[in-house]
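The values are calculated or read from the model by the stated rules, or taken from the named source; none is laboratory data. Everything numeric here is computed off the predicted structure, so don't read it as measured data. Glycine gets a Cβ as well: all are built from the backbone with ideal geometry, and neighbour counts include every protein chain shown.
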Amino acid sequence: MTHDQPLRIEIATPSRPYPVFIGAGTLAHVGAALDGADIGPSRFVVSSPVVWGFWGEPFHQAQPEAVPIIVPDGERHKTLGGVGRIYDALLKGGADRSSALLAFGGGVIGDMGGFAAATYMRGIRLVHVPTTLLAQVDAAIGGKVGVNLPGGKNLVGSFYQPSAVVIDPGVLTTLPRREFRAGLYEVIKYGAVCDASLFEQVGRDLGPLTRRDPAALAPVIAACCRVKGAIVAADEREAGRRRVLNFGHTVGHALEAGTKYKRLLHGESVAYGMLAACSIAAARGALAAADRDTIAAAIAQLGPLPPVNDLSAAAPLELMRHDKKVLEGRLHFVLPTGIGMSKIVTDVSEAELLRALRDLGLGE
Ligand SMILES: NC(=O)c1ccc[n+]([C@@H]2O[C@H](COP(=O)([O-])OP(=O)(O)OC[C@H]3O[C@@H](n4cnc5c(N)ncnc54)[C@H](O)[C@@H]3O)[C@@H](O)[C@H]2O)c1
Ligand SMILES: [Zn+2]
């Protein structure tokens, strides 16, 4: 992969088709990529002090005309207040309906900047330039934008597709190791339920991937974007098929919320959630024990997860009763049925959930 030839993937959502450019060095060509995607000259970039500190200079060189708007990131800043700061800066900088907002950061900047773009003057163009592995394989694709309320995560938002996504795996070199690994669990998620060859590729290239070699990362990120892109194109507003991407997320969210978002990163909680879903599927006979072990080994080889064996199963169980994925009283649960295959069931019982949580090491 050279930066002269980034991979280009088309995401064909009904509301808006858009290109995703992926390759080492694409950051240096972000301006040209946007010119090619027909983005006008009035450009603003929203980023965080951390991301701008590491990558602001090369970004500025590639896109000197983009006016920087620096806001704090981190989950507790993903609020309407944060969006308000972006609106203020856009207004002050003279942004109008022809302007574009580039969201340059992790999922927090992408969700918050995306929501600002979706709503400022009833919507201006949005370009995602994601800088965490999680944002590159997940948050930047698919059009979900929004913020948290004091009462819960992601409670305000919209579906708003970007006009382009520019992914440079080179920026991942400065990501804290734990954040990088958390993103790799989401990569394993795509492979485990949607794409057996991606799953195998991660196992095969684990060395270069964990060394963050952009040449190894680019095709893996591209495979994830293809999987997610195909699914969101078929089900933009999560009425059906898109739910398969919730593999590991039912139990994952319950563990994440049950520990007040302090102990586990999102990807780590998803790793636990995938293990739980595998154990439920295997106990039902829906997943061969050998496939369960293969998925568990793929998760284990990334390193130890923060422990959860001092937790009680009661809090996550209660949270699952109120999960967003409960529709008409039924919990929609993604069960793997083989490597790269899955099905959605609505009859997972509390007894099965409890047993799976115990398998993870949780107590009474
Ligand atoms: N919209 C979606 O479809 C979607 C999907 C998944 C997750 N999300 C959202 O994404 C958010 C999580 O995103 P995240 O995991 O990227 O977290 P994040 O945006 O909080 O970033 C994690 C940390 O990494 C730092 N960082 C970012 N890029 C860096 C880089 N290149 N080098 C060094 N440090 C860097 C950030 O400053 C931050 O401290 C959550 O709010 C979640 O709800 C959205
Ligand atoms: Zn996730």
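Quick look at the values:
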| item | result |
| --- | --- |
| Matching entry among G203, G170 (being more than 16 Å from ligand 2 (Cβ to nearest atom) and surrounded by fewer than 18 Cβ atoms within 10 Å (Cβ to Cβ)) | G203 |
| Residue within the range 109-126 that is in contact (Cβ under 8 Å) with a residue 60 or more places away in the chain, within 16 Å of ligand 2 (Cβ to nearest atom) and not aromatic (F, W, Y) present | no |
| Filter result for L101 (in contact with a Leu (Cβ under 6 Å, 6 or more places away or on another chain) and either among the polar types (S, T, N, Q) or under 19 Å from T131 (Cα atoms) (or both)) | yes |
| Single unsatisfied condition, G81 versus (1) more than 16 Å from ligand 1 (Cβ to nearest atom); (2) not in a loop (DSSP other than H, G, I, E, B); (3) not basic (K, R) | (1) |
| A116 of a type in the set (A, V, I, L, M, F, W, C) and part of a helix (DSSP H, G or I) | yes |
| Every residue from the range 245-295 that is more than 16 Å from ligand 2 (Cβ to nearest atom), in contact with a Pro (Cβ under 7 Å, 6 or more places away or on another chain), in a loop (DSSP other than H, G, I, E, B) and among the aliphatic types (A, V, I, L, M) | L287 |
| Cβ pairs under 6 Å, 6+ apart, first in the range 140-151 and under 14 Å from A257 (Cβ atoms), second within 7 Å of ligand 1 (Cβ to nearest atom) | N148/K78 |
| Of all residues in the range 177-197 being of a type in the set (A, V, I, L, M) and in contact (Cβ under 8 Å) with a residue 60 or more places away in the chain, the one that is farthest from ligand 2 (Cβ to nearest atom) | A196 |
| Residue in the range 250-266 that is of a type outside the set (A, V, I, L, M), surrounded by fewer than 17 Cβ atoms within 10 Å (Cβ to Cβ) and farther than 24 Å from V308 by Cβ present | no |
| Any hit, the range 191-208, residues being within 16 Å of ligand 1 (Cβ to nearest atom), among the charged types (D, E, K, R) and at pLDDT 95 or above | no |
